[in-house]
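*Asks:* Pasting a structure below so you can have a look.
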Amino acid sequence: MPVTAFVFFASAARGLVSVVAEELRALGAMDLREHPAGVHFSGDLALGYRACLWLRAASRVMVEIAQIDAEDAQQLYTESKRQVWSRWLNPSLSFAVSFHGGNQNINNTGFGAQKVKDAIVDAMQTTLGRRPLVDPQHPAQVVHVHLSAGKARLTLDLVGGEALHQRGYRVEAGDAPLRETLAAGLLW
């Protein structure tokens, strides 16, 4: 049975990208490409989940759903709606869209997020016959969209709405003076 390769992105604070790349190499990640905000890498879905579990300096791990053309709002909506969202999102769990970037025609992140959210809701209503739950404040699932020029990258946060430094093992310890991911990167 062939193993499906996925494209992932592990986000990291400035100055920690090379640390995250080293951690990913140790986990067996392939095709590493450093970017100012993190590291692109590829592997099977199990690698993505291992990255969520074992990366100490990364902030988030996201799996790429698609790269789409998005010259204007209509194209962003149409191309987003074409995705098979039921493969990525559980309609029984809430979701939200986080939108970053822009272009000449889409320069408001709230507007961009709304267009992608509408496309996801409409697509899932059509394919599943029911509307998924939307919760912008406390979503269980988060779709991240990064728009640059005429291309949008759609990704799903593998951890959900929380960053990796909020994994929950310190729930009663109070606020830390430093994010655990930053502290781990500094120690590395």
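*Asks:* Within segment 106-123, can one find any residue that is without any contact (Cβ under 8 Å) to a residue 12 or more places away in the chain and closer than 30 Å to Leu55 by Cα?
*Replies:* Looking for residues that are without any contact (Cβ under 8 Å) to a residue 12 or more places away in the chain and closer than 30 Å to Leu55 by Cα, one finds at least one in segment 106-123, hence yes.
*Asks:* Another question, if that's okay. Please count how many residues of segment 99-116 are open to solvent by less than 30 Å² (accessible area, probe 1.4 Å) and touching a helix residue (DSSP H, G or I) at 6+ places or on another chain (Cβ under 8 Å).
*Replies:* Here the count works out to 5.
*Asks:* Can you work out which of the residues in segment 147-167 that are open to solvent by 70 Å² or more (accessible area, probe 1.4 Å) and within 24 Å of Arg56 (Cβ to Cβ) is modelled with the highest pLDDT?
*Replies:* Restricting to residues being open to solvent by 70 Å² or more (accessible area, probe 1.4 Å) and within 24 Å of Arg56 (Cβ to Cβ), the top hit is Glu162.
*Asks:* Condition check: in contact with a helix residue (DSSP H, G or I) (Cβ under 8 Å, 6 or more places away or on another chain) and surrounded by 21 or more Cβ atoms within 10 Å (Cβ to Cβ). Does Ala58 satisfy that?
*Replies:* yes
*Asks:* Within segment 117-134, count every residue that is in contact with a Leu (Cβ under 9 Å, 6 or more places away or on another chain) and open to solvent by 40 Å² or more (accessible area, probe 1.4 Å).
*Replies:* 1
*Asks:* Only residues that are of a type outside the set (S, T, N, Q) and surrounded by 15 or more Cβ atoms within 10 Å (Cβ to Cβ): list them for segment 73-90, please.
*Replies:* The answer is Ala73, Leu76, Tyr77, Glu79, Lys81, Trp85, Trp88, Leu89.
*Asks:* Looking at segment 135-144, which of the residues that are among the hydrophobic types (A, V, I, L, M, F, W, C) and free of Cβ contacts under 8 Å to residues at least 60 places away in the same chain is surrounded by the most Cβ atoms within 10 Å (Cβ to Cβ)?
*Replies:* Selected residue: Val142.
*Asks:* If I ask for residues that are open to solvent by less than 80 Å² (accessible area, probe 1.4 Å), in a loop (DSSP other than H, G, I, E, B) and either over 18 Å from Leu154 (Cα atoms) or modelled with pLDDT of 95 or more (or both), which ones from segment 25-43 would you list?
*Replies:* Those that are open to solvent by less than 80 Å² (accessible area, probe 1.4 Å), in a loop (DSSP other than H, G, I, E, B) and either over 18 Å from Leu154 (Cα atoms) or modelled with pLDDT of 95 or more (or both): Gly28, Ala29.
Per-residue answers, yes or no, for (1) assigned to a helix (DSSP H, G or I); (2) among the hydrophobic types (A, V, I, L, M, F, W, C); (3) in contact with a helix residue (DSSP H, G or I) (Cβ under 6 Å, 6 or more places away or on another chain):
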site	(1), (2), (3)
Gly15	no, no, no
Val19	yes, yes, yes
Glu23	yes, no, no
Arg50	yes, no, yes
Leu53	yes, yes, no
Glu64	no, no, no
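The values are calculated or read from the model by the stated rules, or taken from the named source; none is laboratory data. Values in this document were obtained by computation on a predicted structure and should not be read as measured data. When we count neighbours, we look across all protein chains shown, and the Cβ atoms used for this are built from the backbone with ideal geometry, even at glycine. The area values use the complete protein model at the heavy-atom level, side chains included, leaving out ligands, DNA and RNA. Shrake-Rupley method; radii C 1.70, N 1.55, O 1.52, S 1.80 Å.
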